[in-house]
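Visitor: Before I ask anything, here is the structure I am working with.
The values are calculated or read from the model by the stated rules, or taken from the named source; none is laboratory data. For clarity, every value in this text was computed on a predicted model and none was experimentally measured. Positions of Cβ are backbone-derived with ideal geometry, glycine not excepted, and every protein chain shown enters the neighbour counts. Calculation scope for accessible area: heavy atoms of the full protein, side chains included, ligands and nucleic acids excluded. Shrake-Rupley method; radii C 1.70, N 1.55, O 1.52, S 1.80 Å.
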Amino acid sequence: MTQIHLSAAQSGCLIEARVGDELVLQLAENPTTGYRWQPEPGLQASAREDRFEPAAAAPGAGGVRTLRFFLSIPGRSDLTFCMRRTWEVEDQPLERVVYHLLVRNEP
């Protein structure tokens, strides 16, 4: 199993992986503002881990959201997340990241 680390900098890139690999997605976030990274409808993977780590101990500090995904289905798909408030789902997201996945069924 290989871990593939992704950040917002790789948004829009083709990510090649194999069945059994793990994606580790780390995105800057400040949930006290109400804005959180949310998957777009139709996401073909479920997170094995979803945690937030503040950058500082101060109340209201931003930090990093870490999402881990285990790749178990070969093929092409997009992994898309939008930063928005949960109560404003119809509004344009503050930010969007898209990773184009190509998962091969090779050892």
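Visitor: Could you list, in sequence order, the residues of region 89-99 that are in contact (Cβ under 8 Å) with a residue 24 or more places away in the chain, open to solvent by less than 50 Å² (accessible area, probe 1.4 Å) and closer than 16 Å to GLU29 by Cβ?
Guide: VAL97
Visitor: Which residues, counting only those in region 24-82, are farther than 20 Å from LEU94 by Cβ and of a type in the set (Phe, Trp, Tyr)?
Guide: Scanning region 24-82 gives PHE69, PHE70.
Visitor: Can I ask one more? Determine, yes or no, whether LEU79 is touching a helix residue (DSSP H, G or I) at 6+ places or on another chain (Cβ under 7 Å) and at pLDDT 90 or above.
Guide: Details: touching a helix residue (DSSP H, G or I) at 6+ places or on another chain (Cβ under 7 Å): no; at pLDDT 90 or above: yes.
In short, no.
Visitor: Something else about it: Could you list, in sequence order, all residues of region 29-47 that are assigned to a strand (DSSP E or B), at pLDDT 85 or above and surrounded by fewer than 17 Cβ atoms within 10 Å (Cβ to Cβ)?
Guide: Across region 29-47, the qualifying residues are GLN38, PRO39.
Visitor: Does at least one position in region 53-75 carry a residue that is among the aromatic types (Phe, Trp, Tyr), touching a Pro at 6+ places or on another chain (Cβ under 9 Å) and buried (at least 16 other Cβ atoms within 10 Å of the Cβ)?
Guide: No, region 53-75 contains no residue that is among the aromatic types (Phe, Trp, Tyr), touching a Pro at 6+ places or on another chain (Cβ under 9 Å) and buried (at least 16 other Cβ atoms within 10 Å of the Cβ).
Visitor: Which of the residues that make up region 6-26 are surrounded by 11 or more Cβ atoms within 10 Å (Cβ to Cβ) and in a strand (DSSP E or B)?
Guide: Correct list: LEU6, ILE15, GLU16, ALA17, ARG18, GLU22, LEU23, VAL24, LEU25, GLN26.
Visitor: Which of the residues that make up region 1-44 are among the charged types (D, E, K, R) and out of contact with any Ser or Thr (no Cβ under 9 Å at 6 or more places or on another chain)?
Guide: Once the filter is applied, which keeps residues that are among the charged types (D, E, K, R) and out of contact with any Ser or Thr (no Cβ under 9 Å at 6 or more places or on another chain), region 1-44 yields GLU16, GLU29.
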